[in-house]
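Everything on this sheet refers to the single structure shown next.
The values are calculated or read from the model by the stated rules, or taken from the named source; none is laboratory data. All values derive from a computational prediction rather than experimental measurement. Positions of Cβ are backbone-derived with ideal geometry, glycine not excepted, and every protein chain shown enters the neighbour counts. To get the accessible areas, we keep the full protein, side chains included, count just its heavy atoms, and leave off ligands, DNA and RNA. Shrake-Rupley method; radii C 1.70, N 1.55, O 1.52, S 1.80 Å.
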Amino acid sequence: MLYHSINNSKNLVSFENAVLNGISPDGSLYIPQYIPKLNILSNKKFFDRDDNLIALSVIKPYLGKDITDNCIFNIIDNTLKFPFPIKKIHDNIYTLELFHGPTLAFKDVGAKFMAEYLNFISNKIGKKITVLVATSGDTGGAVAKAFYKKKGIEVIILYPRNGISSLQEKQISSLGHNILSLEIDGNFDNCQYIVKKSFLDKEIKKKYILTSANSINIARLLPQMFYYFISYKNIIKKIKDISELVFSVPSGNFGNICAGMMAEKMGLPIKFFIASTNINDTIPRFLSTNKYDPMVTKKTISNAMDISNPSNFPRIWNFLYKKNFIQIKKKLYSYSFTDSETLSTIIDVYNNYKYIMDPHGAIGYLGISRHSNKKLKSSCIYIFLETAHPFKFLENMPCSIRKNISKNKNIMEMLNNRKIKKISIKNNFDQFKSWLLENK
Ligand SMILES: *Cc1c(COP(=O)(O)O)cnc(C)c1O
């Protein structure tokens, strides 16, 4: 499989280069040349296999011939280290819990896969790879944890001073070893500016093989297909005679839902998707008006989705649906919800069904309610993705529920009081550059 930019199908690159480059030279996203098809419906045994073997069939066509099945299998084996349970909430509404990884959110899957893959590449080329990321909080934690102690890879994370929570700072700055954390005297945009400028700097590029691990990297997107397939296997084991399956995905940058929609194009029998958003509602408005009109981003309690220009949406609209409005409307519905709707749903679902949703998952649940208008179709199974553990967004949870959130072993580990080791740098590219080239 080869990859090219969304706007230009002429310059083809390998998977390896698409991953190392991160974004294409014209500044847009990489997409595969085509979506490979799996004969799932005609192969009754497809879902009889172990999860890891299912994941292997899913990802193998995307990785090209430069990597053996054995190596892919090892990468998958090290990635799928935690479960993806499906739980019934009520009637035919289920949740797919994606928060059992080390940093309590679904981003652990993509970050871990990318870390394992870069480790493979570093071994192959016999050179050290340097990952440079700017973070406003969550990505940094998932990347730090996934790359920790990976041989041949060094990670430099830039974050804004006073711009992230103390728990997030701990996740990024307490690991040490190959994870270097840099506190920048500026905001997230300043951090991102320094990262972007580094990728264009000749002297830096001469000394380092630089790559970025942000969420638009194709190596973080593709493995997110795994849990759609695995959850399909688990749900057909649980319930016989499923005629229709619908996923509601709490969406911000639309990477998670894009992976689901790719899985469907590969042949996974999903009836349609619901993209559930907070009041940053560019896509719900787009799907009702056919006008793409992002507004200023607003802060909400589901802050991992405070995005008004979702970077992965072109992968869905331009690539998967070829800008065909009628076709996309058959497979994608989208609704937006306010903070007060989110909070009251968390409380209602807890009171009625004793299940605690986080603010992001709650928006996924609301998407199902809004779509079905309280009348659930009985032949249909609705699954919303619970993208983070409620503990992760404790300060945004309703006060009355906070005390009922139980802590798992990953949370206990996160809270363990480890020392913070960070380097502070002025908001100045030249100072960053001289640190990188001389003092590091
Ligand atoms: C990143 C994130 C999202 C949004 O996922 P996208 O792939 O950006 O749409 C939703 N919930 C949580 C908890 C997240 O961390």
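For the range 34-135, which whole percent of the accessible surface, found with a 1.4 angstrom probe, sits on carbon and sulfur atoms? On the range 34-135, the fraction of accessible area on carbon and sulfur atoms equals 51 percent.
With an 8 Å Cα cut-off and a minimum separation of 6 or more residues, compute the relative contact order for the chain in percent. Reported as a whole number, the value is 19 percent.
For the cross-link pairs K37/K127; K150/K233; K81/K196; K88/K374, the ones whose C-alpha atoms lie over 24 Å apart are K37/K127; K150/K233; K81/K196.
For the range 183-313, the fraction of 1.4 Å probe accessible surface lying on carbon and sulfur atoms is 52 percent.
Placing pseudo-labels 7 Å out from each Cα toward the beta carbon at K233 and K354 gives an inter-label distance of 3.1 nm. Working ranking of peptides 194-207, 250-263, 167-180, 352-365 by packing, defined as the average number of other Cβ atoms within 10 Å per residue, highest first, is 250-263, 352-365, 167-180, 194-207. Calculated accessible area for the range 80-236 comes out at 34 Å² per residue, all protein chains present (probe 1.4 Å; ligands, DNA, RNA ignored). The slack between N7 and E438, meaning 0.36 nm per residue of separation minus the straight C-alpha distance, is 151.3 nm.
Starting from 0.36 nm per residue, how many nanometres of slack lie between D48 and N408 once their C-alpha separation is accounted for? Mind dumping the intermediate values first?
Numbers: separation 360, 0.36 × 360 = 129.60 nm, distance 3.05 nm.
Extra length available between D48 and N408 comes to 126.6 nm.
Measuring nothing but how far apart in sequence close Cα pairs (under 8 Å, 6+ apart) lie, relative to its length, the range 13-92 scores a relative contact order of 25 percent. Once you reduce the range 77-107 and the range 255-309 to the center of their Cα atoms, the two points are 20 Å from each other.
For the chain, list log₁₀ I(q)/I(0) at each q in 0.06, 0.08, 0.13 Å⁻¹, using the Debye formula over Cα point scatterers of equal strength and ignoring solvent, two decimals each. For the requested q values the scattering log ratios are -0.24, -0.43, -1.23.
Could you work out how much longer the chain between L415 and N187 gets when fully extended? Use 0.36 nm per residue separation minus the Cα distance between them, nm to one decimal.
Numbers: separation 228, 0.36 × 228 = 82.08 nm, distance 2.54 nm.
That pair, L415 and N187, stretches by 79.5 nm at full extension.
Residues whose amide H lies under 5 Å from that of A134, counting only those 5 or more places away or on a different chain, are L158; hydrogens are built 1.01 Å from N in the peptide plane.
Taken as Cα centroids, the range 336-356 and the range 145-161 sit 36 Å apart, rounded to the nearest whole angstrom.
With the cut-off at 30 Å, tell me which of the pairs K170/K298; K238/K331; K45/K354; K403/K426; K330/K375 have Cα atoms farther apart than that. All intermediate terms of the calculation are to be shown ahead of the outcome.
Details: K170/K298 26 Å; K238/K331 25 Å; K45/K354 36 Å; K403/K426 40 Å; K330/K375 20 Å.
Listed pairs above 30 Å: K45/K354; K403/K426.
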